[in-house]
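Remarks on the structure that follows.
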Amino acid sequence: MRVLPKTLIAAAVFGVAAAAQAAPQVVQVTGTASVTNVAAAADGFVPTNGTQWDTNSAFWTGAGALTFKLDQAYRLSALSLTADWNDFYRFSVSTDGVNFAQLVTVTGYADQPAGVNVGWGQVTMPVSFAPTQLAYQYVRLQSLAGDGSYSVGEVSFSGTAAPVPEPSTLAFMAAGLGVVGFVARRRRA
């Protein structure tokens, strides 16, 4: 009887701890009132480097922000931003879409890949960072500084899906814990 409870617990814990290795999918993009063509920021079309700043992109002047809702919560580890080369953008993350925490700041001045030297228009900037401790479902992009005319041609994210146990896994874990409780109770009797 000793092996069975340990096996059940190990299998249940392993099943709950396994995470899906899927790419985060943006299911909704919203923008502040000043943003034109919001959907272009996550439509799957990546403008080539040097494309005019307001072509095939979400664009605005002055303060503005885009909020991306992902298909589920992810522990994010990288992003790719195609945006106007001479502006600064801050990415923040949230579990609930209300309270955001700063993740990373990106600028075309400093974050262009090696060998790419875009001095006008949009540029694609891949950015890696330490995986987030929490799993987030919302990402906000805010314009911080630059020439006052901002654009985002495309944003994509990389990360690991937060583990979501299947109902059968939860039932298996409950059964295992029940057996452990039964064995412990028999030992006391």
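The values are calculated or read from the model by the stated rules, or taken from the named source; none is laboratory data. Keep in mind that this is a model prediction, so the values were computed, not measured. Neighbour counts run over all protein chains shown; Cβ positions are idealised from the backbone, glycine included.
Suppose the filter is part of a strand (DSSP E or B), out of contact with any Asp or Glu (no Cβ under 6 Å at 6 or more places or on another chain), in the same structural domain as Ala135 (by TED's automatic domain parsing) and acidic (Asp, Glu); does Asp71 pass it? So that I can check it myself, show each step before the final result.
Values: part of a strand (DSSP E or B): yes; out of contact with any Asp or Glu (no Cβ under 6 Å at 6 or more places or on another chain): yes; in the same structural domain as Ala135 (by TED's automatic domain parsing): yes; acidic (Asp, Glu): yes.
Considered against the rule, which asks whether it is part of a strand (DSSP E or B), out of contact with any Asp or Glu (no Cβ under 6 Å at 6 or more places or on another chain), in the same structural domain as Ala135 (by TED's automatic domain parsing) and acidic (Asp, Glu), Asp71 comes out as yes.
Within region 33-55, how many residues are over 19 Å from Ala23 (Cβ atoms), part of a helix (DSSP H, G or I) and in contact (Cβ under 8 Å) with a residue 40 or more places away in the chain?
Number of matching residues: 1.
Is it the case, given these coordinates, that Ala162 is surrounded by 15 or more Cβ atoms within 10 Å (Cβ to Cβ) and in contact (Cβ under 8 Å) with a residue 40 or more places away in the chain?
Considered against the rule, which asks whether it is surrounded by 15 or more Cβ atoms within 10 Å (Cβ to Cβ) and in contact (Cβ under 8 Å) with a residue 40 or more places away in the chain, Ala162 comes out as yes.
Which members of region 60-87 meet the condition of being over 19 Å from the mean Cα position of the chain (by Cα) and surrounded by fewer than 18 Cβ atoms within 10 Å (Cβ to Cβ)?
Start the filter on region 60-87 by keeping residues that are over 19 Å from the mean Cα position of the chain (by Cα), which leaves 60-64, 84-87.
The answer is Thr61, Gly62, Ala63.
Can we say Pro113 is touching a residue at least 40 places away in the same chain (Cβ under 8 Å) and part of a loop (DSSP other than H, G, I, E, B)? Before the answer, list the steps.
Working: touching a residue at least 40 places away in the same chain (Cβ under 8 Å): no; part of a loop (DSSP other than H, G, I, E, B): yes.
Taking the combined requirement at face value, the residue does not satisfy it.
Being of a type in the set (A, V, I, L, M) and within 18 Å of Trp53 (Cβ to Cβ) narrows it down to one of Val118, Val93, Val104, so name that one. Even if it seems obvious, please write down each step before you answer.
On the way: Val93 fails: within 18 Å of Trp53 (Cβ to Cβ); Val104 fails: within 18 Å of Trp53 (Cβ to Cβ).
Matching residue, one of Val118, Val93, Val104: Val118.
Does Ala162 fit the bill of being modelled with pLDDT under 95, among the hydrophobic types (A, V, I, L, M, F, W, C) and under 13 Å from the mean Cα position of the chain (by Cα)? Steps first, please.
On the way: modelled with pLDDT under 95: yes; among the hydrophobic types (A, V, I, L, M, F, W, C): yes; under 13 Å from the mean Cα position of the chain (by Cα): yes.
For Ala162, the condition - modelled with pLDDT under 95, among the hydrophobic types (A, V, I, L, M, F, W, C) and under 13 Å from the mean Cα position of the chain (by Cα) - is met.
Output the residues belonging to region 33-56 that are more than 20 Å from the chain's Cα centre (by Cα) and closer than 18 Å to Gly146 by Cβ.
Looking only at region 33-56, we keep the residues that are more than 20 Å from the chain's Cα centre (by Cα), and these are 33-37, 47-56.
Residues satisfying the conditions are Ser34, Val35, Thr36, Pro47, Asn49, Gly50, Thr51, Gln52, Trp53, Asp54, Thr55.
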